[in-house]
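Notes follow the structure.
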Amino acid sequence: MKKFSNILFSMQTMGALILLFAISIGTATFIENDFGPTAAKTVVYNATWFNILLFILTVNLVGRIIVDRMYKLKKLPIFMFHAAFIIILVGSAITRFVSYEGMMHIREGNASNTILSSETYVDVEIVDGTSSTTLSKKVMLSVLTPGVLSTSANINNKSFSFKSVMYVPNAREVISEAQDVGDPFVVLTVSDRTGSKNHILKYGHSSLVGQKKINFSDNFNSEAVNLDIINGDLKVFANEEILAMSMATDIVDTLENGNWNSMEPQKIYSFRSFNIVLSNYYPMGTIDYVNHTGQGSMMDALVVEISNGDKTEEVVLRGGKGYMGQPIYFTFGGASFSMSYGAKQIVLPFSLTLKDFQLERYPVSNSPSSYASEVVLTDRAKNISQDYRIYMNNVLNYRGYRFFQSSYDKDELGTILSVAHDYWGTFFTYVGYFFMSLGMFLAIVSRHSRFALLGRLLKNSTKKINKTKAVATLLIFLVASSAFAQQRNTANSKQKDISKEHAEKFGELIVQSNDGRFKPVNTLSDELIRKISRKTTINGLNSDQIFLGMMSNPGKWQQVPLIKVSHPELKAILKIKGKHASYFDFINMNDRTYKLNKYVTEAYAKTPGLRNKFDNDVLKVDERLNICFMVFNGDMLKILPDAYNTNQPWYSPVSRIVNRPEADSTFLKTVIPAYLGALADGNISKADKLLEGIADYQKKFGSSVVPSESRIKFEILYNKLAIFNNLSKLYGVLGLFMIILLFVEMFKPSKGLKYVINFLIALVVVGFVFQTFGLAIRWYISGHAPWSNGYESMIYIGWITLLAGLIFASGSKMTIAATTILSSIILMVAHLSWMDPEVTNLVPVLKSYWLTIHVSIITASYGFLALSAILGFMNLLLMIMKTRKNAIKMDAKIGELTAINERSVVIGLYLLTIGTFLGGVWANESWGRYWGWDPKETWALVSVLVYSFIAHMHYMPGLKSKFAFNFAALISLGVILMTYFGVNYYLSGLHSYASGDPVPVPNFVYYSIAIVFAITILAYYRNSKFKESEVART
């Protein structure tokens, strides 16, 4: 027993459980991507084996607390965050097994006190004579687990078993004539006051329409509309008058009441409460169900096999998540059955009445800016009637139920609310979050923690050894045309370039971008010119001069080589020699055709995974050409507000103006062409006056929506300084010089080198100050924290990375050199073509203070973990450089950097963990649930688990070596990259950009993996060799 407990509570078992946990949930995200969220839940998240895994992990945590005596006062911080994980696991168990969720749909003016459960059930009612019994079985079906239903029921000494044999999500029926053996089928289109719906009935089954049953069998039902096959003909019978109207002739016949009448296609049979059209009749048919891949959603199909021991029959149930399900009625084994598959209605102890649904949109894109439901909560038992407003990030919380704004009806007259009932699960989880965060904070400041121990070891190391820090020179390898345009389509070679002074005034105008954001023209011109030419200036002209020149004198600029072309084959097709082509270079002048039309068509016809480098370059160049066309056309210059409606999209020279007075229409249509015409004619005085008039017009009619004057000035300053782009180059140079000088100093120390290195560090600090200033400006001009999209989060991670280096600079100057290089790389990556540096408006869900808290903390962790990866890489390189002469010195340097690395891992892990769980708080406040196994949050948890394993490696036999730790710190960055990039582009989910075909993996990823693998093997060999030689010498 003791041996068993020793194994169960061992650190090795804990490590194995953590890795198994991480691998399981990481695999589940790929299952979800290929087979859907339900498949991931059935196979992993809700599977019995997964629950057992979490239970064993909880037991192991409890055991470790006891074995390591974490309950002692000096170990209080460690005890707090380890116990917190147990509390979180308890909360998640309550959520998993006790709580429930659902959806509530309310139309304006109506009330509802029911929700449709998120869980699905198979419901069975059996009637045998005067006896009856019911059965309700909760099921979670997926294409990977179609046979999860297996149950039985007994009535009057009769036993019936039920087993699911096939499951088709989003199923479409395919009925065909059977070749040999088949059953009669009818396809009916039934319409009533709620709309029309297709019903497929197999002979012997019934279907419910409203309160009336349609019975297709020889078992006559006097209360139903009966269909039967009599003498080979399809007949209809009802105890009410039936009107039959021919759809071809409109002739109406009255069918005799209480008699069997022929039922024919192309006729509408009208009953009291509904109409029936016989769409098709199969005397001997067979039905199959296939997954519908087109637009729209359909009910799932579940095939259930029913057996009584003597015979077996299959029935098809239609329903699924979000559907009540269609009950079917049939007889089997002498008993009558009713079966359905779908969600259940859950009755609430109160009701909500929707007074008004409100939807606000961005002016230009018409995309939702925010939406809200004005409701009245009525609780008769407590005599409460109260108004509430439910909107994104503002949840209605009442009596343990949380309502959040999920969606809305297309006509914007109804709301769809998601409902969660999980008071105790959320309570325990939040308590766990609090103690976890507090424990981690105390662990940082406590004198008894390993973090403090590493600090003392590092301090002692710097006293004993020369303060110069280990370095490897190999690290250097890390751095490595419309009517508007036709008015000016003739090149005016005499026209001078627009002066900088006039272009600067033009750049201060406000323009509305396609996403609805109002920004200076200077921002738009800077973005456009960079996208077109990948440069910020052309022939000494800035972006405002170029943008204005392209519109005022398109004929001239269509001959200027400004469109970036990289691919040699494209250059050959266009017959150009340099890196840029002119607009006219793309046109065959003989027949006025587009030279790349064939290649663009072929590229779009391929899936992204099959496109080669040429295809991708063709599409990029085609995009640049189209942007040029829109600039020449004037379509990008939306600078004129509507004088009567501030929400109306602003006008460009080519905008269609309707329902406005003639004088206003004339002004809107002519003022910009007049201004550009004055520039084309060289009449600068007239152009200045018109420009001043346009600016006054913007202030008069657009003041309520445009940014403040100070924001405009700061945004223009931000554009001119190009802080992050310039710092990426500066950091690269400074970091490279520091690495070289530190390497030299390690073998030949001198005061001169020390002063130079300190001067370079001072320059880095100055750059960091400017970097901080740039983030502050971006925050101010955008109105939200600068980490809401890919570009912003990258520049923020670059800032945090350098901050981490400065924090650890006192322990090792090599740390700041490494982080300076790393920050340079991160900022350069941020400016790649696939990172768009445009400042955009936020979607509704991102309009939350939780964005600032959650994203800032979790992305801050990436800086420390990236630092640990590069320190791990450097240590591997130092191991390769070990020789018999320098082995002792190198080991000391490696030990020093490893101590810094471990502290960086600890800080990064704490921030990552806190940020991940704060994301759960954000989700709970925004969407009503704190965890939903979305791929992004799942991979964030994978990262937490992986780095938790690394943080505990020094306790595990066989994994205590410096080589093992540094290697793990290096390769684990791949998990962070998967969380940050991979989920967005390769997995489906709430945080994903992926849709349709996956984006191909860049080639540099494979090269990087190969390099890391080669360096790891060599480092392991060299490190082991000199350890052996030292042993031999001693």
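We did not get these values from a lab; they are worked out from the coordinates using the rules stated. Everything numeric here is computed off the predicted structure, so don't read it as measured data. Quick reminder, even Gly has a Cβ in these numbers, built from the backbone with ideal geometry, and neighbours come from all protein chains shown.
The peptide list 313-319, 107-113, 127-133, put in order of mean Cβ contacts within 10 Å with the highest first, becomes 313-319, 107-113, 127-133.
A Cβ-based charge dipole, computed about the Cα centre of the chain with Lys and Arg at +1 and Asp and Glu at -1, lands at about 7060 debye. Between the listed residues S270, V252, L208, the Cα displaced farthest toward the positive end of the dipole of region 193-344, a dipole computed from Cβ unit charges relative to the Cα centre, is found at L208. Distance from the alpha carbon centroid of region 526-592 to that of region 2-45 works out to 55 angstrom.
Cα centroid separation, region 717-749 to region 642-697: 48 Å. Computed over region 117-343, the alpha-carbon pair-distance distribution with 10 angstrom bins reads 7, 30, 35, 21, 5, 0, each value a whole percent. Assuming R0 = 45 Å, can you tell me the calculated FRET efficiency for the pair S99 and I1009, based on Cβ-Cβ distance, to the nearest 0.05? Rounded to the nearest 0.05, the efficiency is 0.60. The dipole here belongs to region 117-343: it is taken about the Cα centre, uses +1 on the Cβ of Lys and Arg and -1 on the Cβ of Asp and Glu, and is about 760 debye. Bridging of K496 to aspartates and glutamates at a Cα separation below 15 Å is possible for D544, D681, once same-chain residues fewer than 8 apart are set aside.
Panel order for K41, K410, K496, by other beta carbons found within 10 Å of each beta carbon, from fewest to most: K410, K496, K41.
Using the beta-carbon distance between L438 and S566 and R0 = 56 Å, what value does 1/(1 + (r/R0)^6) give for FRET efficiency, to the nearest 0.05?
Details: r = 53 Å, r/R0 = 0.95.
Rounded to the nearest 0.05, the efficiency is 0.55.
The Cα center of region 215-230 and the Cα center of region 98-161 differ in position by 27 Å. Full extension of the chain between S279 and D379 yields a length gain of 31.3 nm, computed as 0.36 nm times the residue separation minus the alpha carbon distance.
Packing, as the average of other Cβ atoms within 10 Å across residues, places the peptides 550-558, 160-168 in the order 550-558, 160-168, highest first. Pick the calculated percent of Cα pairs over 37 Å apart for this structure from (1) 73; (2) 64; (3) 57? Read-out from the structure maps to (2).
If you stretched the chain out fully between N219 and L73, how much longer would it get, using 0.36 nm times the residue separation minus the C-alpha to C-alpha distance?
Numbers: separation 146, 0.36 × 146 = 52.56 nm, distance 7.80 nm.
Gain on stretching N219 to L73: 44.8 nm.
With respect to the cross-link table entries K72/K813; K595/K729; K531/K556, which display a Cα-Cα separation exceeding 26 Å? Display every interim value, and only then the final one.
On the way: K72/K813 37 Å; K595/K729 37 Å; K531/K556 20 Å.
As for pairs spanning more than 26 Å Cα to Cα, those are K72/K813; K595/K729.
Only helices enter the 222 nm calculation for the chain: every DSSP H run of n ≥ 4 contributes -39,500 (n - 2.57), and dividing by all residues gives -15500 deg cm²/dmol, rounded to 500.
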